[in-house]
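**Q** My questions will all concern the structure given below.
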Amino acid sequence: MAKKKILLMSDDLRMHSGVATVSKDIVMETLDIYDWVQIGGAIKHPEEGKIVDMSAGLENDFGIKDGYLRIYPVSGYGNEDLLRQVLEMEKPDAILHYTDPRFWIWFYNMESEIRREIPIFYYNIWDDLPDPQYNTNYYKSCDLLMGISKQTYGINKRLLPNYKDWQITYVPHGISPKRFSKIKDDNISLLDFEAKHGIADKKFKILYSNRNIRRKQPGDVLLAYKYFMDELTPEQRRDCVLIYHCSPIDDNGTDLPRVHKHLCPEYDVCFTYHTDSRPFDDKEMNLLFNSADVYINLASNEGFGLGSAEALTVGTPIIVNVTGGLQDQCGFKKDDKFLTPEDYVELGSNHKGTYTEHGEWVFPVYPSNRSLQGSPMTPYIFDDRCQPEDASVQLRTLYDMSRKERKRLGSLGTEFCKENLMTSKAMGQEFISSMDGAFDNWKPQPKYHMEEV
């Protein structure tokens with residue numbers, strides 16, 4: 001039987017964004033079952049207008065035989081004419097969309113035209129409550145909704161109560177062991193990496209690997225570090241460093257070197273970036289996460305949190321704000337059992353600390369307050385703010401442990417991720433199960449659909 005062909009619409013899978021990285025893993029883990037085509041977006045794509053056939057290199061580079069992968073590069077996220085052209089040339093059996101629908105409004109305006117011929121699948125996420133009623137029409141324009149977080153699954157279920165079980169599934173991000181794996185502390189490459197970045201003599205390394213943007217709260221991370229360091233002796237402080245793996249200065253965030261200079265210049269902060277602006281490759285990222293003693297994410301809104309999942313994959317424990325998809329990595333329990341996606345249909349979010357029992361690998365910080373933020377396109381969303389002082393307490397708890405104990409706790413998180421679908425292989429299998437279920441049940445949409453409003 002011929003393979004089904006999927007048209008993926010997202011960031012070009014050859015790029016380095018989180019969306020691009022996950023897109024690549026989705027495709028690579030399912031190429032034995034599906035053929036793939038991508039309309040691959042980038043800000044100013046250097047290959048716009050070309051057709052990039054990746055099929056020939058799949059066997060040489062990845063050992064994948066008979067794989068079909070073509071990329072249609074585009075600046076931005078494309079347009080109606082390009083999509084109609086690709087549909088005519090490639091004749092896919094379904095479209096898989098992944099990223100915020102507001103970047104693709106032209107596409108959703110075409111949903112009636114498209115769904116008369118093929119289904120639309122959406123790999124979707126939403127950062128926080130209240131339920132985004134303004135997203136409902138985007139959701140209803142799709143035949144299959146795959147929720148990246150348990151919170152998103154609950155949102156999808158509540159907003160679309162008439163959807164069948166096959167139309168709403170839970171498919172969390174999975175981390176590829178080809179990119180992230182545990183490395184021993186005496187590994188030569190790891191030692192050289194630490195020496196190169198001036199952190200070889202540090203016994204307690206705190207890693208922030210996130211964008212320097214406001215909702216990620218990079219300044220609060222620095223404050224938490226300051227409050228933690230203030231409680232140490234001068235000798236103990238010399239053992240510690242905060243590592244920022246992000247752009248030091250960003251118009252969407254702040255000037256982190258200046259924040260450091262003004263608030264705590266006497267405490268060590270390291271910025272890991274290349275002077276030629278080249279992003280870290282997979283090997284360097286793996287070394288960075290293995291070097292860390294703890295990973296920290298205090299974002300007030302977070303869809304999933306790839307960085308904390310990557311940290312757990314290499315056995316590094318995490319400090320996270322209890323919000324959005326970060327909750328999935330915390331291992332919260334109800335009646336001694338991990339919370340399920342169905343639990344979140346009723347719960348909504350655990351940001352109020354309804355359940356406080358959690359996995360040993362996570363040191364959670366609960367929001368102390370929330371405010372209702374918004375924009376004309378997204379009129380309301382909670383902003384879950386935790387206190388840097390609370391995060392500093394968790395930093396001290398981890399500091400007082402040995403590195404061996406920290407890594408032992410992180411290893412428990414590694415096993416949790418393996419057992420709870422957060423590996424690239426598991427993610428691929430869940431995609432296959434979800435999309436095959438949709439293919440088995442989908443029916444072409446009528447030309448017109450009347451609905452009472």
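No lab work stands behind these numbers, since they all come straight from the coordinates. None of these values were measured; they are calculated from a predicted model. We place every Cβ from the backbone using ideal geometry, glycine too, and count neighbours over all the protein chains shown.
**Q** Treating the Cα atoms of the range 366-453 as identical point scatterers in vacuum, please give the log10 of the normalised Debye intensity I(q)/I(0) at q = 0.10, 0.11 Å⁻¹, two decimals.
**A** -0.67, -0.77
**Q** Once you treat every alpha carbon in the range 25-175 as an equal point and sum by Debye, what is log10 I(q)/I(0) at q = 0.14 Å⁻¹?
**A** These q points yield log10 I(q)/I(0) values of -0.77.
**Q** For the range 168-266, run through the GluC sites (Glu not before Pro) and keep only the ones in DSSP coil with at most 12 other Cβ atoms within 10 Å of their Cβ.
**A** Here the sparse-neighbourhood loop sites are E266.
**Q** Also, I was wondering about something else. Taking just the alpha carbons, could you work out the radius of gyration and Dmax for the chain, both in angstroms?
**A** 22.3, 73
**Q** Count the net charge of all other residues whose Cβ sits under 10 Å from the Cβ of M377, scoring Lys and Arg as +1 and Asp and Glu as -1.
**A** 0
**Q** Compute the signed sum of charges (Lys and Arg +1, Asp and Glu -1) over the other residues within less than 15 Å, Cβ to Cβ, of N441.
**A** Within the 15 Å Cβ shell, the charges total -1.
**Q** Could you please report the charge total around R115, scoring K, R as +1 and D, E as -1 over all other residues with beta-carbon less than 12 angstrom from its beta-carbon?
**A** 0
**Q** Now a separate question. Quote the relative contact order of the chain in percent (integer), defining contacts as alpha-carbon pairs under 8 Å separated by 6+ residues.
**A** Once divided by the residue count of the chain, the mean separation gives 17 percent.
**Q** May I ask you to derive the FRET efficiency for R14 and E405 from their Cβ-Cβ distance with R0 = 41 Å, giving the value to the nearest 0.05?
**A** 0.55
**Q** Still on this structure, I have one more. Express the Stokes-Einstein translational diffusion coefficient of the range 131-236 in µm² s⁻¹, to the nearest whole number, given a Kirkwood radius over alpha-carbon pairs, 20 °C and a viscosity of 1.002 mPa s.
**A** Roughly 115 µm²/s, to the nearest whole number.
**Q** For the range 188-420, what is the Kirkwood estimate of the hydrodynamic radius, computed as the reciprocal of the mean inverse distance between distinct Cα atoms, to one decimal in Å?
**A** In the range 188-420 this quantity evaluates to 18.2 Å.
**Q** Express as a percent, rounded to the nearest 5, the fraction of DSSP beta bridges in the chain (both residues included) that run antiparallel.
**A** In the chain, DSSP labels about 20 percent of beta bridges as antiparallel.
**Q** Please identify every one of the chymotrypsin sites (Phe, Trp or Tyr not before Pro) in the range 408-453 that sits in a loop by DSSP and has no more than 11 other beta carbons within 10 Å of its own beta carbon.
**A** Y448
**Q** Take the Cα radius of gyration of the range 16-61 and divide it by 2.2 N^0.38 Å, with N its residue count; two decimals is plenty.
**A** That ratio works out to 1.24.
**Q** From zero outward in steps of 5 Å, how is the percent of C-alpha pairs of the range 167-310 spread across the bins?
**A** Pairs per bin, as whole percents: 2, 9, 18, 21, 20, 15, 9, 3, 1, 1, 0, 0.
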